[in-house]
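> Right, I'll just put the structure down here and ask away after.
The values are calculated or read from the model by the stated rules, or taken from the named source; none is laboratory data. Keep in mind that what you see is a predicted model, and the values were worked out from it rather than measured. Just the protein is used for accessible areas: all its heavy atoms, side chains included, with ligands, DNA and RNA removed. Shrake-Rupley method; radii C 1.70, N 1.55, O 1.52, S 1.80 Å.
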Amino acid sequence: TVLVGFSKGGVVVNQLLAEMARPGGGGGGVLGGVTDAHYCDVGLNCRGAYLLEPLILEDLARNHPCLRIHLHGTPRQWGQQRPWIKQEKDRMVKLLQEKGIAHGERLYMDEEAPSLAIHFR
């Protein structure tokens, strides 16, 4: 099973991962088979787009050691116009590294100016 959150849907992925992190979380249910979580150009008009709770990520690493998290972004979300989103993304990457959670990040359309149009492309 793969979780995918686009734009504000990243908040839903955060909550599902938090549920999986709990002891017994996801076991036997839909969340028990999750192998990958994709954050696709996530962002909000405020903080909270990414999962930044160290204890939750630590529990997630312990309870789901095969989970892989993928961060995908565009200049719309990771550019200078919305610096808090990139700061959160960078903090999440650091936490994923510290907790030993497999992850990757990819910036798309990095040669283009930030716009709502590339966000939906």
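> So what is the 222 nm mean residue ellipticity for the chain from helices alone, if each DSSP H run of at least 4 adds -39500 (n - 2.57) and you divide by all residues, rounding to the nearest 500 deg cm²/dmol?
One gets -11000 deg cm²/dmol as the mean residue ellipticity at 222 nm.
> Which lysines, if any, have their Cα less than 19 Å from the Cα of residue 99, not counting same-chain residues under 8 positions apart?
Straight-line reach from residue 99, under 19 Å: 89.
> Let me ask something else. Rank these by accessible area, largest first, 1.4 Å probe: 74, 1, 35.
The ranking, largest first, comes out as 1, 35, 74.
> Here is a further query. Computed from the mean reciprocal separation of all distinct C-alpha pairs, what Kirkwood hydrodynamic radius does the chain have, in Å?
Details: mean 1/r = 0.0693 Å⁻¹.
Evaluated over the chain, this radius sits at 14.4 Å.
> So what does log10 I(q)/I(0) come out to for region 34-90 at q = 0.13, 0.15, 0.31 Å⁻¹, using the Debye formula with one equal point on every Cα and no solvent?
-0.37, -0.48, -1.25
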